[in-house]
Amino acid sequence: MSDTKVGRRTKFNEVLSDRVIELAEQGKTDREIADEIGVSLAALSNWKIVRPEFMESLKVARSFADDLVEASLFQRAIGYSHKAIKWFQHEGVSWSEEYIEHYPPDTTACIFWLKNRRQDMWRDKFEIKGEVAISLTDAMKEARERASKRLGHQIIDVEPTPNEPQPEPPKDAGGETLTLPIPKDEN
């Protein structure tokens, strides 16, 4: 057996590597980079595996693009101003004036930032720890009692007639009664 390698020669070279890094800094995906430089996605993935230094450079380049987006999102969230030039034309005469363009804070950017950076305070879902097994009848009775306290009068409890079938409490696949989290009464 000979020690010669079989297969096509790689297109990888220093110039191509620099171009890939440049494209990654612009925020391009692997698919977009592969299309831009004319190689398959598999070839690009293979280069990352066989050349750890290339993979590390690619990570740094992508981090650069992510940092730019993060800084832009922050600026959009808090609002910003910058110098701008406005061009005018009147009766065939053109001129420009420098002015300050103001962008107010953007609520959507604020929410996005806070939900990702301060998840403990801004997430949509909160975990309720502790579960209590309770029947629907007991839950309804407690709800009526709380409502009676708030309204200041008794809510009449209409009991079903004995001939009416009572619904079974919900059960899981193993036949166990499901548990419902009970919110704490704030009164």
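The values are calculated or read from the model by the stated rules, or taken from the named source; none is laboratory data. This one's a predicted model, so the numbers in the text were calculated from it and none came from an experiment. We place every Cβ from the backbone using ideal geometry, glycine too, and count neighbours over all the protein chains shown.
Cβ-Cβ contacts under 6 Å between residues 6 or more apart (or on different chains), taken from a first residue in segment 50-71 that is without any contact (Cβ under 8 Å) to a residue 60 or more places away in the chain and charged (D, E, K, R) to a second residue that is part of a helix (DSSP H, G or I) and surrounded by 14 or more Cβ atoms within 10 Å (Cβ to Cβ), are listed as Arg62/Ala24.
Of all residues in segment 45-64, none satisfies being part of a strand (DSSP E or B) and either surrounded by fewer than 15 Cβ atoms within 10 Å (Cβ to Cβ) or of a type in the set (Asp, Glu) (or both). When segment 63-108 is filtered for residues that are under 30 Å from Asn46 (Cα atoms) and under 18 Å from the mean Cα position of the chain (by Cα), the ones remaining, listed by number, are Ser63, Ala65, Asp66, Asp67, Leu68, Val69, Glu70. Looking across segment 20-31 at every residue that is exposed (fewer than 14 other Cβ atoms within 10 Å of the Cβ) and assigned to a helix (DSSP H, G or I), the one that is nearest to the chain's Cα centre (by Cα) is identified as Arg31.
Within this structure, Glu98 passes the test of being among the acidic types (Asp, Glu) and not in a helix (DSSP H, G or I).
Scan segment 77-93 and give yes if some residue there is at pLDDT 90 or above and assigned to a helix (DSSP H, G or I), otherwise no. For segment 77-93, residues at pLDDT 90 or above and assigned to a helix (DSSP H, G or I): present. Checked against the criteria, Ser72 counts as exposed (fewer than 14 other Cβ atoms within 10 Å of the Cβ) and of a type in the set (Ser, Thr, Tyr). In segment 29-48, is there at least one residue being touching a Gly at 6+ places or on another chain (Cβ under 6 Å) and under 29 Å from Thr108 (Cα atoms)? Looking for residues that are touching a Gly at 6+ places or on another chain (Cβ under 6 Å) and under 29 Å from Thr108 (Cα atoms), one finds none in segment 29-48, hence no.
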